[in-house]
Structures are given as structure tokens and as C-alpha cells.
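For reference, the structure is listed below as C-alpha cells.
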Amino acid sequence: MAKQTLRQGARQTQRQRLTPLQLLIGQMIEKPIDQLTDYVNQQLIDNPALEAKPNEEGDWDDTNPSPDLPQEENHDDFADRYDEERIPVQEQTPRQDPSDSVSFYDKLKEQMGETELNDRQRQIMEYLIGSLDNDGLLRKDTEAISDEMAIYHNIDATPDEIAEVLQRLQEFDPPGVGAQNLQQCLLLQVKRRKEGRMKDLLTRIIEKSFDDLLKNHWKKLQQQLHLDDEEKEAVRAEMRKLNPKPGAALGEVQGINIHQVTPDFVIDTSDDGQVTFTLKRGRLPDLEVSEAYMETVNSIKNLSHRDKEVLPMLKKDMDNAKMLIDALLQRQVTLTKTMAAIIRRQKKFFLDGDEADLTPMALKDVAADTGLDISTISRVTNEKYAQTRWGIFRLRFFFSDRYDNDGDEVSTRKIKSALRDIIDHEDKSHPLTDMQLEEEIKKRGYQTKRRTIVKYREQMNIPKSTLRRQ
């Protein structure tokens with residue numbers, strides 16, 4: 001019989017930790033202009049060392065436009081219901097008076113007040129609520145939140161403590177709030193349903209077959225669950241009732257269902273083919289470190305020992321003010337470089353507005369063009385919009401996958417656009433089968449297989465030929 005022995009030894013590991021400035025830059029880059037303005041205004045209230053520069057013209061809008069840029073060489077129907085990439089330009093709807101309504105975050109804080117929490121848990125809960133995105137989700141892990149709370153709020157909360165409080169937040173309304181990803185968001189909603197076979201089916205699909213759900217593979221799900229056609233449609237209908245964006249359920253304020261978009265970029269296309277862009281400032285103030293505060297710090301150095309005890313706190317305020325100013329400057333540089341790279345690659349689209357002219361482009365391509373990390377490009381393009389002559393678009397709209405077309409790379413969006421055009425002009429009394437669609441798409445120069453046609457058709461939520469017949 002083999003003997004088991006225990007050995008004790010030392011092992012050295014490396015763990016990279018971001019500096020406070022790097023963390024702050026990441027936060028500033030990720031925030032769209034409206035959220036950034038709210039954050040900066042709150043910092044002006046909280047930090048006495050920070051001041052807004054006087055504005056002589058009374059208008060904080062806008063930054064200098066960019067120079068002209070030379071030309072350089074999949075969602076399913078479930079997600080697309082709540083994630084439209086293209087938003088047409090329209091007249092803005094006046095905002096409802098906030099005094100007449102309750103904001104999404106205020107609604108959560110009301111529920112927090114009705115929850116039994118100690119002071120430490122309450123601090124953590126408030127930070128978690130403030131960290132939710134517009135969808136009502138918490139797209140950060142507990143370790144990152146632990147670091148942020150320690151650096152910015154001097155609260156040493158462990159990831160386990162944060163996870164415990166987060167679990168309480170996920171019990172709030174609307175169902176799904178506080179989830180850390182889409183899968184968890186849907187499971188939290190299903191968890192509140194009455195016990196029964198439907199709840200079991202929904203849970204099984206989300207837990208075991210989530211990829212098939214996202215790809216809209218209902219035939220495959222039907223076979224896995226041994227459902228007849230009627231049962232499949234019933235499950236599908238119940239699944240569509242789930243809300244992947246619980247934060248949008250209350251709108252910006254309770255009673256408002258329209259999400260207003262403030263573009264971070266305005267892209268101008270002139271008739272002579274020049275493309276320029278402006279990085280919007282909105283109502284974001286210019287910041288500076290208070291001269292009066294610096295004089296106070298300098299005068300304390302010459303005072304008694306008792307007065308000097310407050311010096312570290314005052315210096316911390318000044319350091320935080322300088323760090324925020326540096327982070328905002330880095331945000332401007334990073335967003336400008338990123339948009340310039342996007343326009344270089346997609347200039348043809350900005351000239352004619354034809355979606356089929358979007359070239360294949362991934363995050364890594366823009367990262368290579370700018371010399372920035374791919375995670376930084378991901379932060380820049382998250383929840384931000386660009387206003388163009390052709391409409392207002394999410395930045396992610398300009399990215400698309402590649403398809404190898406006999407050695408030539410083309411955008412999958414271009415193939416989808418051609419496929420949709422073929423189906424739009426087909427004989428509705430005799431709609432084209434997938435095999436016929438394959439033949440038609442090849443006539444347009446795309447060497448696409450039938451299984452790819454089926455995949456793209458399902459991604460665009462276009463039913464098969466028998467269901468398109470009129």
C-alpha cells in the first residue's frame with residue numbers, strides 16, 4: 001500500500017495589480033459622456049481640492065474637430081430585441097421633470113433601506129448599486145470591486161463579503177438586477193417563477209444549453225428536451241418574456257421607457273469626401289486643482305504639529321484631484337485615437353452610409369492600429385455612440401467578423417445584407433429554399449455554403465421558406 005506524505009514548501013507567484021491611476025483611467029474610458037459628467041460633478045462636491053475652471057462663453061460643448069483621415073487598407077433575435085445597433089436620428093423627447101419621478105438607482109436604494117444590513121454591508125451595497133450599468137447589470141468581478149473600494153473609499157472589503165452583499169442585491173426588483181452576466185440575469189428571473197415543468201425547462205435551457213439559446217437553435221433544443229412543436233413554441237414564448245436588461249425596465253426614471261442616447265462622437269462627412277469627427281464634451285467642465293487649497297497646504301507646513309496632523313488628508317485630496325485630471329486627459333487621447341482608427345478602416349461607410357461597405361474589423365485590429373491594449377479598445381467601444389450623417393450608431397456597430405471568400409476577406413455583415421436583399425425581393429408565393437439562397441448568393445460573388453446561409457438567416461431572425469410563404 002503506497003504511503004501518503006505531506007510536504008511543506010514555499011512557492012513564489014506573481015500577481016499583477018493595477019495602480020490607482022490605471023484603474024481610474026479605465027473607469028473614465030468606459031463611461032459614456034452623460035455618466036462621466038455626473039461622476040465629475042460628484043467629485044467636485046466630494047473633493048475640496050478640485051475646482052471647475054470658469055467658463056467665459058457659458059457653453060462647455062465641444063472639443064476641437066479632428067483633421068481629415070486618409071483611407072486605409074451576431075446576434076440572435078432574443079438579444080437583438082434589446083440591443084439594436086442602429087438608432088435612427090430623431091427629434092429628442094423632452095426629459096420628464098426628475099422631481100416628479102423616481103430614478104432607477106433611487107428605487108434600488110429605497111429597497112436597500114427596507115433590507116436589514118449592518119453599516120459595513122450598507123457601504124458595500126451603496127457601492128454596488130452605483131457600479132451597475134445602464135442595463136442594471138454588474139459587469140465587474142468581486143476582486144476588482146474589492147480593489148476599487150480599498151483605493152478610492154478606504155474600505156477594505158473582501159471579495160467574499162462583496163459576494164454576500166451582491167447576493168442580497170440580486171433579490172431586489174426588477175428581477176435580474178445585479179447579475180454579473182446575461183446568463184445569471186435570466187436565471188435570477190426564472191428563479192422567482194412558480195415551481196413547475198415550465199420553470200424546470202427554462203432553467204435547464206439557460207444552465208445547460210445557453211449557447212444554443214443565444215444562437216436561436218430551437219430545433220436542437222426541441223430535440224434535447226423531447227418537446228413537440230406546441231410545447232417548443234410555449235417554452236420559446238416564455239423565454240422571450242425574460243428581460244436581458246432589467247435596468248431598462250424602469251427607464252432613466254420610473255415612467256420613462258425611452259432611453260435617450262447622447263453620442264460621444266459627431267462624425268462629419270463633407271461633399272468633397274473628407275471625414276472629420278468631434279469628441280463631444282456636453283456639460284463636462286474643465287478641471288483644475290484649487291489654488292486656495294494649495295495655499296492652505298503650504299501654510300500648514302509652517303504651523304504647529306497639531307495642525308500638521310491634517311496634512312496627509314489634504315495632500316490625499318490634492319493627489320486625487322490631479323489623478324482625475326490626468327485620467328480625463330488620457331480618456332480624451334484614447335477615445336480620439338480609437339475613433340480615428342475606426343474611421344480609417346470604415347471611411348467608405350461614412351461616405352455613403354451603405355452597411356454593405358463596412359469592412360471586416362475586430363477589436364484586435366483597432367488595438368494594433370492604435371498601439372493600445374485590446375481591453376482598452378473594448379472599454380472605449382462599450383456603451384458609446386457616434387452621430388453620423390446616416391444616423392446614430394453604437395461603436396460596436398462598426399465591427400464585424402471576417403469571412404474567407406475564396407481568399408478574399410469580406411465582412412459577414414456584407415453577406416447578410418445581400419442575403420436579406422435576396423429574400424426581400426423573392427416571390428413570396430414561392431419563397432427560396434436555403435439551397436436556392438446558396439445559389440443566389442453565389443451569383444453575387446459570395447462563395448458561401450448552405451449551412452452558413454442557414455446560420456446567417458437564423459441570426460437575422462428570418463424564418464425558413466415554408467414559413468415565409470404568403
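The values are calculated or read from the model by the stated rules, or taken from the named source; none is laboratory data. Being a predicted model, the structure only gives us computed values, none of them experimental. Cβ coordinates were reconstructed from backbone atoms using ideal geometry, including for glycine residues, and neighbour counts include every protein chain displayed. What goes into the accessible areas is simple: the full protein's heavy atoms, side chains included, and nothing from ligands, DNA or RNA. Shrake-Rupley method; radii C 1.70, N 1.55, O 1.52, S 1.80 Å.
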Point to revise | Accessible surface of Phe277 - all protein chains present, 1.4 Å probe, nearest 10 Å² | key: 10
Review point. What order do Glu126, Glu195 take when sorted by accessible area (1.4 Å probe), most exposed first?
Key: Glu195, Glu126
**Study point:** Which of His226, His153 is most accessible, then next, and so on - probe 1.4 Å
**Key:** His226, His153
Point to revise | Among 328-336, 286-294, 462-470, the order from most to least packed when residues are scored by Cβ within 10 Å on average | key: 328-336, 286-294, 462-470
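Give me D for the stretch 144-246 in µm² s⁻¹, whole number, from Stokes-Einstein with Rh from the Kirkwood sum over alpha-carbon pairs, 20 °C and 1.002 mPa s.
Numbers: Rh = 15.4 Å.
Stokes-Einstein gives a translational diffusion coefficient of 139 µm²/s.
Of Lys109/Lys364; Lys107/Lys455; Lys337/Lys414; Lys219/Lys416; Lys31/Lys199; Lys245/Lys280, which pairs sit farther than 32 Å apart, going by alpha carbon to alpha carbon?
On the way: Lys109/Lys364 39 Å; Lys107/Lys455 41 Å; Lys337/Lys414 26 Å; Lys219/Lys416 22 Å; Lys31/Lys199 37 Å; Lys245/Lys280 26 Å.
From Lys109/Lys364; Lys107/Lys455; Lys337/Lys414; Lys219/Lys416; Lys31/Lys199; Lys245/Lys280, over 32 Å: Lys109/Lys364; Lys107/Lys455; Lys31/Lys199.
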**Study point:** Accessible-area value, Leu169, 1.4 Å probe, nucleic acids and ligands omitted, Å²
**Key:** 0
Point to revise | Among 266-274, 337-345, the order from most to least packed when residues are scored by Cβ within 10 Å on average | key: 337-345, 266-274
Review point. Among Ser400, Ser378, what's the order by accessible area (1.4 angstrom probe), most exposed first?
Key: Ser378, Ser400
**Study point:** Under 26 Å from the Cα of Lys315 - lysines, other chains or at least 8 residues apart
**Key:** Lys53, Lys301
